[in-house]
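The values are calculated or read from the model by the stated rules, or taken from the named source; none is laboratory data. In this text, all values refer to a predicted model and were calculated from it rather than measured experimentally. Ideal geometry is used to build each Cβ from the backbone, glycine not excepted, and the neighbour counts take in all protein chains shown.
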Amino acid sequence: MTSSEKPRRVEIKDGDQTVAAAEVAEHAEGTVRTSLLPSSGHTPPGSRASLVDAVMDQPEVKSGSRLEATVPLGDAESLERLRERTEDAVTRPAGSTALVDANLPSAGDSTAGQAPGGESSAS
């Protein structure tokens, strides 16, 4: 791993309990890698989408151009939110995870984070 920094941990809590977590690390040439970590037990609806939003709001992600994400296989909520918040996402299975490779919207892109249906078409 050739990370320029130690990975940052991002957590979503429900009271005192962590219900969703991720690690985010900046790599060479504008690529950011994140691992969405599986949580044990019940996960409140929307917490995984909130985790993706928290990851996307990290400074290294906002300044990056490419995202490589590892998501637990079957985590449809996180995968859907990643597709909404990125461009040209490609997903493929890898063991018990799904790998997502995607372009990050530029900082001035006003469509980033919009719900489906609010997206503009690519030129």
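Values for this structure:
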{"item": "Residue check for V32: surrounded by 17 or more Cβ atoms within 10 Å (Cβ to Cβ) and in contact with a Gly (Cβ under 9 Å, 6 or more places away or on another chain)", "result": "yes"}
{"item": "Filter result (assigned to a strand (DSSP E or B) and under 19 Å from V24 (Cα atoms)) within segment 68-89", "result": "E68, A69, T70, V71, P72, E87, A89"}
{"item": "Selection status of S106, among the small types (G, A, S), at pLDDT below 95 and loosely packed, with under 10 Cβ neighbours inside 10 Å", "result": "no"}
{"item": "Any hit, segment 85-93, residues being basic (K, R) and either at pLDDT below 95 or farther than 17 Å from A49 by Cα (or both)", "result": "yes"}
{"item": "Segment 1-59, residues that are assigned to a helix (DSSP H, G or I), of a type in the set (G, A, S) and in contact with a helix residue (DSSP H, G or I) (Cβ under 7 Å, 6 or more places away or on another chain)", "result": "A49"}
{"item": "Residue match in segment 4-11 (condition: under 12 Å from the mean Cα position of the chain (by Cα) and surrounded by 18 or more Cβ atoms within 10 Å (Cβ to Cβ))", "result": "yes"}
{"item": "Close pairs from segment 45-64: first acidic (D, E), partner surrounded by fewer than 20 Cβ atoms within 10 Å (Cβ to Cβ), Cβ under 7 Å, at least 6 apart", "result": "E60/E26"}
{"item": "Qualifying residue in segment 7-17 (condition: of a type in the set (V, I, T), under 23 Å from R92 (Cα atoms) and modelled with pLDDT of 95 or more)", "result": "no"}
